[in-house]
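Chemist: Pasting a structure below so you can have a look.
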Amino acid sequence: MAHESKTHTPLKEHHPTVWYVKWVSSIIIILAMIATTNDLYPYNMFLQFFGCLGWFWVSIKWNDRALIVVNAVACAIFVNGFVMYFKG
C-alpha cells in the first residue's frame, strides 16, 4: 500500500509571508554559496547572514526549535564576523 507524500510545512495559501521569506532566504543562501566559492568576501558573509536571518524568522513562526537554534547560532557567528571584519 503506497502512501501519499505530503509536506508538513505550511502552505503558501495559509501563510504567504512565511512562504515568501522561506524561498527568498533559500535563494539568498544559494547566492551566498556561489559568492563563497568565488571568493567574494565579505559579500558572501552578508548574504549568508540575511539568508539565515530570514530562516530564523521562519523557524520562529513554525516553532521549529532545531531550526531556531541552528539559525540563531549562524546569525551570531556572522555578527561576530562583521565585528572582526570592520574592526580589523
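The values are calculated or read from the model by the stated rules, or taken from the named source; none is laboratory data. Computed from a predicted structure; not experimentally measured. Here the Cβ is made from the backbone with ideal geometry for all residues, glycine too, and neighbour counts use every protein chain on show. Accessible surface areas use protein heavy atoms only, side chains included; no ligands, DNA or RNA. Shrake-Rupley method; radii C 1.70, N 1.55, O 1.52, S 1.80 Å.
Chemist: Using the reciprocal of the averaged 1/r over all distinct C-alpha pairs, how large is the Kirkwood radius of the chain in Å?
Modeler: After inverting the pairwise mean of 1/r, the radius is 14.2 Å.
Chemist: Still on this structure, please answer the following. With a 1.4 Å probe and every protein chain kept in, tell me what percent of the accessible surface of the chain is carbon plus sulfur.
Modeler: 68 percent
Chemist: Just in the range 12-88: which trypsin sites (Lys or Arg not before Pro) are loop by DSSP and have at most 14 other Cβ atoms within 10 Å?
Modeler: Values: sites: LYS12, LYS22, LYS61, ARG65, LYS87; in loops: LYS12.
Those satisfying the criteria are LYS12.
Chemist: Right, next: Between VAL24 and ALA72, what is 0.36 nm times their sequence separation minus the Cα-Cα distance? Round to one decimal in nm.
Modeler: Gain on extension, VAL24 to ALA72, equals 15.5 nm.
Chemist: A further question on this structure: I'd like the orientation of helix 43-62 relative to the chain: the angle between its Cα long axis and the longest Cα principal axis, in ° from 0 to 90, rounded to 10.
Modeler: The helix 43-62 is inclined about 30 degrees to the chain.
Chemist: Continuing with the same structure: For the chain, take the longest principal axis of its alpha carbons; what is the angle in degrees between that and the long axis of helix 65-87, to the nearest 10 within 0 to 90?
Modeler: With rounding to tens, the tilt is 20 degrees.
Chemist: Please list, by residue number, every one of the chymotrypsin sites (Phe, Trp or Tyr not before Pro) in the range 17-88 that is coil in DSSP and has at most 12 other beta-carbon atoms within 10 Å.
Modeler: none
Chemist: Could I ask something else about it? Measuring with a 1.4 Å probe in the full set of protein chains, what accessible area per residue, in whole Å², belongs to the range 35-88?
Modeler: Numbers: 3630 Å² over 54 residues.
Value for the range 35-88: 67 Å² per residue.
Chemist: Sticking with this one: Where does helix 16-37 land angle-wise versus the long Cα axis of the chain, in degrees 0 to 90, nearest 10?
Modeler: Approximately 40 degrees, to the nearest ten.
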